[in-house]
Structure formats: C-alpha cells, structure tokens
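Down below is the structure, laid out as structure tokens.
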Amino acid sequence: MVNKVVSSTNLNGFKLFKRGKVRDVYDLGEELLLISTDRISCFDVVLPDCIPHKGEVLTRLSAFWFEFTKDIIPNHLITTDVEKFPPGLAKYKEELKNRSMLTVKAKAVPFECVVRGYLSGSGWKEYQQSSSICGIKLPRGLRESQRFSKPIFTPATKEENGHDRNISYEDMEKDLGADLCRQLKNLTIALYQKASQYAETRGIIIADTKFEFGFHQGRLILIDEALTPDSSRFWPKDRYQVGKPQPSFDKQFVRDYLETLPWGKTPPAPGLPSKILEETSRLYREICRLLLGDS
C-alpha cells in the first residue's frame, strides 16, 4: 500500500456530485466515480485527522465483497482498475489508484440496512434500557457481545447531516412499502450470513454490518461499500468472550478513545493523537490482510 494520506480530492473538469463523510463522489454522466479518502467519521461526525491507508483498505475490501456476494444480488461496481477509467481521468491516475471505483449510477434507497449477529454497540445500550433493539423485543438476561440465535435486521435513517437514527422495521415499511422492505431484509441477512461464514474461516467474527441498496434500470442492487471496517464490527474469533466488549479490527478503537473525552459528539470533533492514528491504520490494514489472505 502506498503511504500517502488523502483528505479530499479536487478533479478539475469533473463534477463533484457529493462529498460525503468519507467518500468524494464525481458525476461522470452515466457513471459515478467513488473515491475513498482517508477521512474518518465517528458518531456521524467527520474527524479532523485522517487514517493512513484507510481509503485503500475500504476499496480493496468492498471490491472483494462485491465479487463474493454477486450471486446474491448484483452491485454497482464496474471496475477499480484506473487503466479502465474514462480517458480524461488519466492525469489523476496516481491519486485515484487503489482508492477509487467506477460504478453505475443508482437511485439510493434512503435507509441503511443494518444486520446484527451479536449484541454490541448501540444495540447493547438500547437493550440495557428496554430489552429491545429497534422495536424488536429480545429475551431478558442477554449479555454484552452475546450471539443472537439468528441475525436481526435493524434499519436506520441515512442522514446527510447529523446523526443517523435507528428506527423500527414498521417505520421503514411505512415509507418503502411491505414488498421492498421484505426484500431488503432478506437480502441483508443473506449477505451477512454468507460473509460471516467466510470470515469465520479466516478467524474473524462479523458482529454486525450495514448495507446500502439502490435501483439501477429498475433493478435493486447493492451500492456504496460492503463489509469494511467503517461499516462493520470485526472481532478476532480466538479472543471472543461473551459478557464484555471485544477487541476489534474497525473504527470502534477510535470510538472507544473518543468516549474518554469530554466531547458532546457534535462538530467540531477533537483531534486524534498520533498513537491512535497509527494503531487505527494498523488495525485497518490487518483486517484487510486477514480477510483477503495477503502475506
């Protein structure tokens, strides 16, 4: 991996469609160019510091999972090979290499499709208060990090500004209709189950993850990213112990640090010490190595 931090991009001559929390998206007409920067957001707030190599990890893992799950649902990826990008992008080849993907242009479904296999994170906090998550009643007496008998689907709103918000399946259904919601739920769980089975062969537990979907030419497809340390909770299988938080290969490491600070989880976000930046970068690269089998 190259050792260059990219905080943002400016491709002169190309229309910036959206600068998201992590990705810069350019409108190429019939296609989109998604560039994964090294920005990081926690609690839906973009932090002022970047994580070295992060954008490369997100791109490599997403490309792998898109290929791995295309038998379940098609996805928006056309290519990650910069040599196959439109000719006008050639002058930006070094900037785009290893951190960008050319995709079809889809109309996004305005919800995040979250699936949880284990009781952790915001789900654990909600369960402690109500013995439920997103309106799903759960048995009493469950412990932190405990595996559910079967994965649960817990959607969330997708906010352009501010915090995403967990909602009930019924609320999502009111907006999208019963048929589409059922399809999204079934696809989300199927994707999670296939990915989880593979990850366990690599010594990794996927505790939870989120997917995004969209429509392209009338067909539902998987979009955005897939099963990255930004969108998932990855735990080392050999260190898993129910009843407490787990060590993880994802941005939970940064969240845990931020939780020790007197910060209200609203902009502006505090800076990160160099040791936190370095360790987060190491964790991102390590999960990529473990899942993809790199030496």
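Odds and ends about this structure:
- With every protein chain in place, region 131-218: carbon and sulfur % of accessible area (1.4 Å): 44 percent
- Contact order relative to length of region 180-295, as percent, for alpha carbon pairs under 8 angstrom and 6 or more apart: 21 percent
- The GLN128 and SER8 beta-carbon pair, evaluated with R₀ = 51 Å, returns a calculated FRET efficiency of approximately 0.85.
- Given charges at beta-carbon only (K, R positive; D, E negative), |dipole| of the chain in Debye: 460 debye
- Amide H contacts under 5 Å for PHE148, placed H, 5+ residues apart: TYR118, LEU119
- Packing rank of 73-81, 33-41, 6-14, where each peptide gets the mean count of other beta carbons within 10 Å, highest leading: 33-41, 73-81, 6-14
- Value of Rg/Rh across the chain [Cα atoms, Kirkwood radius]: 0.94
- Charge-dipole axis of the chain as Lys and Arg at +1 and Asp and Glu at -1 on Cβ define it, positive-most pick from LEU96, TYR118, PRO229: TYR118
- For the listed peptides 242-251, 42-51, a ranking on the average number of other beta carbons within 10 Å per residue, highest first, reads 42-51, 242-251.
- Helical runs assigned H by DSSP (4 residues or longer) give the chain a calculated mean residue ellipticity at 222 nm of -9500 deg cm²/dmol, each run adding -39500 (n - 2.57) before division by the residue total.
- Scanning the chain for GluC sites (Glu not before Pro) in DSSP loops with at most 13 neighbouring Cβ atoms within 10 Å leaves 161-295 as the longest stretch between them.
- By accessible area, using a 1.4 Å probe on protein heavy atoms only, region 1-109 has 50% of its surface on carbon and sulfur.
- For the chain, with +1 on Lys and Arg beta carbons and -1 on Asp and Glu, the positive-most of ALA108, GLY141, ALA190 along the dipole: GLY141
- Rounded to the nearest Hz, the phi-derived 3J(HN,Hα) couplings of region 36-44 under the Karplus curve 6.51 cos²θ - 1.76 cosθ + 1.60 (θ = phi - 60°) are 8, 7, 9, 5, 9, 10, 9, 6, 6, where x marks glycine and proline.
- Given +1 at the Cβ of Lys and Arg, -1 at the Cβ of Asp and Glu and no other charges, the dipole of region 83-206 around its Cα centre is 400 debye to the nearest 20.
- Radius of gyration and maximum dimension Dmax of region 1-134, Cα, Å: 17.1, 55
- Global geometry of region 125-237, whether rounded, prolate or oblate, following the gyration tensor of its Cα atoms and the 1.5 cut on a/c: oblate
- Normalised convex hull volume, region 121-182, alpha-carbon set, Å³ per residue: 103 Å³
- Given charges at Cβ of Lys, Arg, Asp, Glu: the chain dipole, positive-most of LEU11, GLN128, VAL254: GLN128
- Residues in the chain average 48 Å² of solvent-accessible surface per residue, probe 1.4 Å, ligands and nucleic acids excluded.
The values are calculated or read from the model by the stated rules, or taken from the named source; none is laboratory data. All figures in this text were calculated on a predicted structure; none of them were measured in a lab. Using ideal geometry, Cβ is built from the backbone for each residue, glycine included, and neighbour counts are taken over all protein chains shown. SASA here: full protein model, heavy atoms, side chains in, ligands and nucleic acids out. Shrake-Rupley method; radii C 1.70, N 1.55, O 1.52, S 1.80 Å.
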